[in-house]
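Have a look at the structure below before the remarks.
FYI, it's all coordinate maths here, none of it is from the lab. Model, not experiment: these values are computed from the prediction. Cβ placement follows ideal geometry from the backbone for every residue including glycine, while neighbour counts extend to all protein chains displayed.
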Amino acid sequence: MTANTNTLLEVRDLTVYFQGQNKHQPVRAVDGISFAIPEGAFHALVGESGCGKTTLARTLVGLQQATSGEVLIRNQNINSLLKNRKLLAKDVQFVFQNPLGALSRRQTVYQSLEEPLLIHNVGNADRRRQRIHELAELVGLPLSSLDRLPRSLSGGQRQRVAIARALALEPSILICDEPLSALDVSIQAQIVSLFSQLQQKLGLTIIMITHDLAVVREVCTSVSVMYLGKVMEANNTEPLFAQPAHPYTQALLSSVPSPDPNTESTRQRIVLRGEPPSPMAPPSGCRFHTRCPKAVPECSAKEPVLKPQANSGLIACHLV
Ligand code: SF4
């Protein structure tokens with residue numbers, strides 16, 4: 001999770017504050033986050049609602065302005081890329097939670113897929129038709145669906161259209177905001193498998209926001225666990241699920257059934273007290289201390305730093 005020669009996307013001490021109801025107390029949606037994502041990673045951002053993961057993801061693609069800090073793609077600051085949105089669009093694309101909201105209701109699937117190609121002057125009509133057919137095949141859409149409007153498609157097909165549109169310009173990075181949550185459970189597995197296939201086939205780097213930890217374990221290569229605008233723990237998926245080190249990660253993962261019957265039979269659910277505090281007034285010290293079952297007096301006085309650990313993960317906890 002620290003930058004190296006393979007880093008494609010890097011975030012340095014990023015903050016995103018909003019003006020809330022109280023003029024003197026901004027909402028600290030993202031509050032000093034740093035991480036590096038290597039090329040080809042399938043990285044998950046997890047945490048409870050309101051922890052700042054969607055704001056972080058929107059900032060990575062320039063849909064949200066950072067208050068301070070930097071987002072770099074291939075070592076280039078996103079602010080310089082934002083001066084030419086066309087260039088940024090070729091690097092990074094966003095897949096929204098609700099595909100129906102992300103697609104124009106009046107455009108056929110063909111028109112939706114052709115639009116980014118037209119905006120970026122890709123090929124002539126024949127080349128564009130060829131590319132649209134390639135995209136449909138890539139995401140498993142029948143060619144007969146190209147003349148249909150989004151409302152006549154199933155939820156799964158709509159999400160396939162949204163993914164195909166995001167891939168039209170061959171971006172290196174796909175940022176997906178809860179791409180499964182608007183879908184029936186029976187369709188979710190198909191879309192998960194599609195993401196996995198696309199990632200391997202195209203060498204994509206994917207950052208996925210999700211609350212579905214079973215999906216994270218199945219397809220993601222690494223994970224950042226967020227709480228109240230901060231990263232509490234980040235690691236590769238396997239060690240994180242095998243041995244979560246941060247008390248918040250331990251509580252989150254305790255709700256996920258284990259595929260191993262022996263581990264499952266001894267699984268103990270850790271139920272956290274109360275709701276997360278307001279991001280307008282996060283607690284002093286470790287911001288998890290008001291709910292942490294392992295808190296010690298030091299926790300409310302001193303903020304733990306996110307530090308590398310021996311197993312290559314990063315953890316912010318005084319006890320680790
Ligand atoms: Fe819990 Fe303290 Fe660790 Fe925070 S620093 S997670 S409050 S033990």
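The residues packed around residue 122, meaning those with a beta-carbon under 15 Å from its beta-carbon, carry a net charge of +2 if Lys and Arg are +1 and Asp and Glu are -1.
Summed over all non-identical Cα pairs, the Kirkwood treatment of the range 96-201 gives a radius of 13.9 Å. Structure remark: mean-square fluctuation, Gaussian network model of the chain, C-alpha springs under 10 Å; the largest value among 194, 306, 118 belongs to 118. Projecting label points 7 angstrom from Cα along Cα→Cβ for residue 309 and residue 214 puts them 2.6 nm apart. Relative contact order of the range 7-315: 21 percent, from C-alpha pairs under 8 Å at least 6 residues apart in sequence. Couplings 3J(HN,Hα) of the range 254-269, computed from phi: 5, 8, 9, x, 8, x, 8, x, 5, 5, 5, 5, 10, 5, 10, 6 Hz, in residue order, whole Hz [Karplus 6.51 cos²θ - 1.76 cosθ + 1.60, θ = phi - 60°; x for Gly and Pro].
For an R0 of 51 angstrom, estimate the FRET efficiency from the Cβ-Cβ distance between residue 320 and residue 83 and round to the nearest 0.05. The computed FRET efficiency comes out at 0.75. Computed from the Cβ-Cβ distance with R0 of 35 Å, the FRET efficiency linking residue 189 to residue 134 stands at 0.90.
Among beta bridges from DSSP that stay inside the chain, the antiparallel ones total about 60%. Computing FRET efficiency as 1/(1 + (r/R0)^6) for residue 258 and residue 65, where r is the C-beta to C-beta distance and R0 is 35 Å, gives about 0.30.
Once backbone amide H atoms are built at 1.01 Å from N, residue 208 has 43, 44, 45, 176 as its partners under 5 Å, excluding neighbours fewer than 5 places away on the same chain. The rule of thumb for compact globular proteins, 2.2 N^0.38 Å, goes into the C-alpha radius of gyration of the range 39-102 1.19 times. To the nearest 500 deg cm²/dmol, what mean residue ellipticity at 222 nm is calculated for the chain from DSSP H runs of n ≥ 4 alone, each contributing -39,500 (n - 2.57), summed and divided by the residues? Calculated mean residue ellipticity at 222 nm is -9500 deg cm²/dmol. Among the lysines of the chain, pairs at least eight places apart or on separate chains and with Cα atoms under 16 Å apart come to 4. Expressed per residue, the C-alpha convex hull volume of the range 7-315 stands at 151 Å³. Full extension of the chain between residue 25 and residue 107 yields a length gain of 25.2 nm, computed as 0.36 nm times the residue separation minus the alpha carbon distance. Take the Cα of residue 120, step 7 Å toward its Cβ, do the same at residue 49, and the gap between the two points is 3.4 nm. Taking label points 7 Å from Cα along the Cα-to-Cβ direction, residue 202 and residue 170 give a separation of 1.1 nm. The Rg/Rh ratio for the range 108-169 is 0.94, where Rg is the radius of gyration of the alpha carbons and Rh is the Kirkwood radius. Each Cα pair under 8 Å and six or more residues apart adds its separation to the average, and for the range 207-253 the resulting relative contact order is 28 percent.
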